[in-house]
Amino acid sequence: MKRTLTIISVMALLTSSACSLIQYAKIQKFDDEFKNTRKTIARMYLKPDERKTEVGAAKIILEREISDNMTVTNAYFVISRASSSFKVDKSGFLKADGQTFELSIEPVTEFKHRNETSVSTYARTDSTGVTTGQTMDTNEYSWFDDKFMFRLTPELISAINGSDEFIVRFYFGPIPATYKVKGADMRHVRMVLND
C-alpha cells in the first residue's frame with residue numbers, strides 16, 4: 001500500500017510538472033546584466049470578439065524594461081489569419097477608461113504552412129480470405145502570421161491602469177479584429193505596468 005501511494009505521488013508530481021512546462025508562465029521577470037536592465041513580461045492568448053472571420057487569435061507579450069535612466073513599455077502581437085484574408089492596416093486602436101488611442105504599427109507578415117498526415121489500417125474479410133491494408137490522408141494548412149509591436153505611452157498606461165478592461169482593434173481590409181483584455185489577464189497587465 002505504501003509503495004502504491006509513493007508511485008501515485010510521484011506520478012502526480014511528474015504530471016503537474018509536465019503541465020506547467022506546457023503552459024508557460026503568465027509573468028516572467030529577468031535581470032539582464034548585458035543591457036543593465038530589469039524586465040517584466042506578461043503573455044496572453046486572446047480570441048477575437050468577432051466570430052467566423054478570416055482573422056484568428058492573438059498571442060500577446062507585454063514587456064516593461066527598466067534601466068537606470070529610462071522605462072519602456074511595449075506590446076508585441078502575433079495574429080494568425082487565413083491565407084485568403086487581407087493584410088492588417090498600419091494603424092489600430094486601443095480603448096481604455098473611456099478614451100480611444102490610435103496606434104501606429106509596422107507589421108511583418110510570415111507565410112506558414114503545415115501538413116498533417118493520418119494513417120488508418122483496415123482488415124476486410126470476404127470469401128477469399130482476410131485482406132489488410134492501410135490508407136493515408138494528408139491535410140494541408142496555410143495561413144499568415146502578422147507580427148508587430150507598439151509602444152505604450154504614459155497616457156496609454158494611465159488609461160489602462162484606470163480601467164477594468166481594455167480593448168484593442170485592428171483592421172484586416174474590411175474585417176475588424178477586436179481583442180479584449182480583462183479578468184486574470186488584466187491583473188497580469190497591471191503587474192507589468194506597475195512593476
For the list (1) over 26 Å from residue 189 (Cα atoms); (2) at pLDDT 90 or above; (3) out of contact with any Lys or Arg (no Cβ under 7 Å at 6 or more places or on another chain), I need the number of the one condition that residue 76 fails.
(1)
Which one of these does residue 175 not meet: (1) in contact with a Phe, Trp or Tyr (Cβ under 6 Å, 6 or more places away or on another chain); (2) closer than 14 Å to residue 88 by Cα?
(1)
Restricting region 93-114 to residues that are charged (D, E, K, R) and assigned to a loop (DSSP other than H, G, I, E, B), the one nearest to residue 171 (Cα to Cα) turns out to be 106
Only one of (1) touching a residue at least 24 places away in the same chain (Cβ under 8 Å); (2) more than 24 Å from residue 155 (Cα to Cα); (3) in a strand (DSSP E or B) fails for residue 31. Which number is that?
(1)
Which of (1) basic (Lys, Arg); (2) on the phi > 0 side of the Ramachandran plot; (3) surrounded by 15 or more Cβ atoms within 10 Å (Cβ to Cβ) does residue 39 not meet, given it meets every other one?
(2)
For residue 119, state whether it is modelled with pLDDT under 95 and at negative phi.
yes
Somewhere in region 23-36, is a residue modelled with pLDDT of 95 or more and farther than 28 Å from residue 139 by Cβ?
no
Those strands (runs of 3 or more DSSP E) lying entirely in region 115-195 with at least 2 residues of a type in the set (Ser, Thr, Tyr) and in contact (Cβ under 8 Å) with a residue 60 or more places away in the chain
175-181
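Residue-by-condition table, conditions (1) exposed (fewer than 13 other Cβ atoms within 10 Å of the Cβ); (2) outside any strand (DSSP E or B); (3) touching a strand residue (DSSP E or B) at 6+ places or on another chain (Cβ under 9 Å):
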site: 44; (1), (2), (3): no, no, yes
site: 72; (1), (2), (3): no, no, yes
site: 77; (1), (2), (3): no, no, yes
site: 80; (1), (2), (3): no, no, yes
site: 85; (1), (2), (3): no, yes, yes
site: 91; (1), (2), (3): yes, no, yes
Failed condition for residue 73, given (1) among the hydroxyl-bearing types (Ser, Thr, Tyr); (2) without any contact (Cβ under 8 Å) to a residue 24 or more places away in the chain; (3) in contact with a helix residue (DSSP H, G or I) (Cβ under 8 Å, 6 or more places away or on another chain)
(2)
Got a number for residues in region 150-166 being within 21 Å of residue 104 (Cβ to Cβ), out of contact with any Ser or Thr (no Cβ under 8 Å at 6 or more places or on another chain) and crowded, with 16+ Cβ neighbours inside 10 Å?
4
Candidates 132, 100, 117, filtered to the one that is surrounded by fewer than 13 Cβ atoms within 10 Å (Cβ to Cβ), in contact with a strand residue (DSSP E or B) (Cβ under 7 Å, 6 or more places away or on another chain), among the β-branched types (Val, Ile, Thr) and within 20 Å of residue 48 (Cα to Cα)
100
Specify which of the listed residues (164, 195) is among the charged types (D, E, K, R) and either under 15 Å from residue 74 (Cβ atoms) or in contact with a Cys (Cβ under 6 Å, 6 or more places away or on another chain) (or both).
195
Out of 158, 163, sole residue that is in contact with an Asp or Glu (Cβ under 7 Å, 6 or more places away or on another chain) and over 15 Å from residue 92 (Cα atoms):
163
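The values are calculated or read from the model by the stated rules, or taken from the named source; none is laboratory data. Treat the numbers as computed from the prediction; the structure is a model and nothing was measured. All Cβ positions, even for glycine, are placed from backbone atoms using ideal geometry, and neighbour counts span all protein chains on display.
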